[in-house]
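Here's the structure, in structure tokens; my notes come after.
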Amino acid sequence: MTSFNETQPIFVQIRQRIAAMILNETAKEGEALPSVRSIAADLSVNPLTVTRAYDALVDLDVVESRRGMGMFVASGAREKLLGHERETFLADEWPRIRSQIKALGLDLDALLKEPGK
Amino acid sequence: MTNPIVSVHGLKKRFGPNEILHGLDFEIPVGRIYGLIGHNGAGKTTTLNAMLGLTSYEGSVQVLGEDPYKHRARLMKNVAFISDVASLPRFLKVRELFAMLSDIHPNFSAERAASFLEGTDVKPGALIANLSKGMLAQLHLAVVMAIDARLLVLDEPTLGLDITYRKRFYRRLLEDYMTADRTLLITTHQVDEIEFMLSDIIFIKDGLVVLHSTMDDVGNRYAQLSVSPDRAEAGMALKPVFAETRFGQTVMVFDGADRGALEVLGAVTTPTLSDLFVALMSRETGVK
């Protein structure tokens with residue numbers, strides 16, 4: 001749970017974990033998210049790093065910062081986040097995966113039909 | 001821009017004929033978590049001692065705008081410290097220690113200290129002499145966190161503690177102590193455990209600062225490349241600051257290299273602090 005990979009900045013990885021909580025509805029719209037302090041303590045990371053992760057989601061209007069109360073899942077957050085994550089996937093990751101499939105000589109249609117994959 | 005909480009300029013320290021610190025310069029802004037990292041004997045503890053007014057020095061040191069050697073007592077109201085050789089009075093009970101500290105330290109709260117120990121095995125009636133090493137560390141942390149200080153200096157605070165105690169120690173610190181107007185300065189050899197807690201690092205080698213950087217800049221500036229033997233030469237041509245062969249892969253650390261150019265050769269990551277430490281500390285002999 002506390003391990004990070006070495007290829008992405010930590011704040012990006014924390015942002016993704018918070019995003020995952022919203023996408024899989026561990027935290028539903030209008031509900032409170034874990035405080036900066038508790039995430040920092042749980043993951044042994046600098047509080048500023050956690051703040052930065054939250055700021056990235058506040059900028060997307062996915063998380064709402066309520067003064068003195070902490071962070072909350074904004075209304076319509078899941079839809080917005082899903083839209084944003086789809087866009088980034090299609091723009092950043094898909095072209096790479098696609099060229100890898102091609103480079104490995106795999107057949108996309110066959111892959112999709114294969115059960116359990 | 002607020003004033004730095006610590007500013008050190010041209011700090012030198014001599015023990016007899018031996019100069020230990022050769023002119024250190026650095027400033028520490030408020031609200032940061034600093035890691036001071038170096039080999040044994042590099043001068044970390046001497047640097048901390050100069051900042052805490054525990055030793056004389058040449059050059060200029062200001063902590064909270066004061067000269068620590070001249071105004072140590074005044075400074076200690078706002079600075080708390082755990083030394084690697086710290087000892088608490090063994091003949092006292094925990095409760096008696098808190099009472100004594102309340103008498104001598106204006107910013108110490110016995111109530112807060114006691115609350116930090118709730119849920120631990122350290123009981124108020126326990127004699128300090130009878131506490132285990134881990135319990136002593138908990139007690140010590142409770143004492144320093146109960147001081148409403150602006151700067152907390154921890155010199156190898158988790159030395160000799162097992163992993164669960166070390167984790168608990170740092171968790172406590174982040175959960176109950178760290179705020180935007182407090183500053184933390186830590187030295188430790190277990191760098192990997194606190195790597196992501198730190199906002200900034202200072203590497204000291206043989207009495208000199210070899211790196212002073214925010215962790216963000218470390219990520220931007222340094223890159224680690226793992227290449228297979230046939231690509232090693234191409235990698236070396238890009239002038240790594242350090243190279244080492246592990247399991248048939250050559251691992252190289254680059255300073256300021258273009259990541260795109262490296263990615264062509266192999267897997268590129270940001271070096272961990274311990275990898276970077278090894279790379280920079282063995283720089284003269286590392287690349288042949």
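Each residue of segment A:96-111 is assigned a 3J(HN,Hα), and the resulting list reads 5, 4, 4, 6, 5, 4, 5, 4, 8, x, 8, 9, 4, 4, 4, 4 Hz, derived from the Karplus form 6.51 cos²θ - 1.76 cosθ + 1.60 (θ = phi - 60°), x at Gly and Pro. Computed about the Cα centre, the dipole magnitude for chain A is approximately 140 debye when only Lys and Arg (+1) and Asp and Glu (-1) carry charge, each at its Cβ.
Taken as Cα centroids, segment A:37-52 and segment B:115-165 sit 22 Å apart, rounded to the nearest whole angstrom.
Taking Cα centre as origin and charging only the Cβ of basic (Lys, Arg, +1) and acidic (Asp, Glu, -1) residues, the dipole magnitude of segment B:158-239 rounds to 120 debye. Remark: mean inter-chain Cβ contacts per residue of A:34-46 equal 5, using a 10 Å Cβ-Cβ cutoff to other protein chain atoms. Amide H contacts for residue B:183 (H built 1.01 Å from N in the peptide plane; partners 5 or more residues away or on another chain; cut-off under 5 Å): B:31, B:151, B:152.
Measure out, as a whole number of angstrom, how far apart the alpha-carbon centroids of segment A:13-36 and segment B:206-239 sit. Taking the Cα centre of each part, segment A:13-36 and segment B:206-239 sit 35 Å apart.
Taking each DSSP H run with n ≥ 4 as -39500 (n - 2.57) and averaging over every residue of the protein assembly as shown yields -10500 deg cm²/dmol at 222 nm. In sequence order, segment B:249-262 has phi-based couplings of 9, 9, 9, 10, 10, 10, 10, x, 7, 6, 4, x, 5, 6 Hz under the Karplus curve 6.51 cos²θ - 1.76 cosθ + 1.60, θ = phi - 60°, and Gly or Pro positions carry x. Which entries in B:77/B:167; B:205/B:239; B:93/B:133; A:80/A:113; A:102/B:239; B:13/B:70 show an alpha-carbon gap greater than 24 Å? Pairs exceeding the cut-off: B:77/B:167; A:80/A:113; A:102/B:239. Taking the DSSP bridge list for chain B and keeping only pairs wholly inside it, about 65 percent are antiparallel. Residue by residue, segment B:177-189 carries 3J(HN,Hα) couplings of 10, 5, 9, 5, 9, 10, 10, 10, 10, 10, 10, 6, 8 Hz when phi is fed to the Karplus relation 6.51 cos²θ - 1.76 cosθ + 1.60 (θ = phi - 60°); x denotes Gly or Pro. Packing-based ranking of B:14-20, B:232-238 yields B:232-238, B:14-20, ordered from highest to lowest mean Cβ neighbour count within 10 Å.
Every read-out reported here was derived from the displayed coordinates using simple, explicitly stated rules and does not represent laboratory data. The structure displayed is predicted, hence computed values, not measured ones. Reconstructed Cβ throughout: ideal geometry from the backbone, glycine too, with neighbour counts over all protein chains shown.
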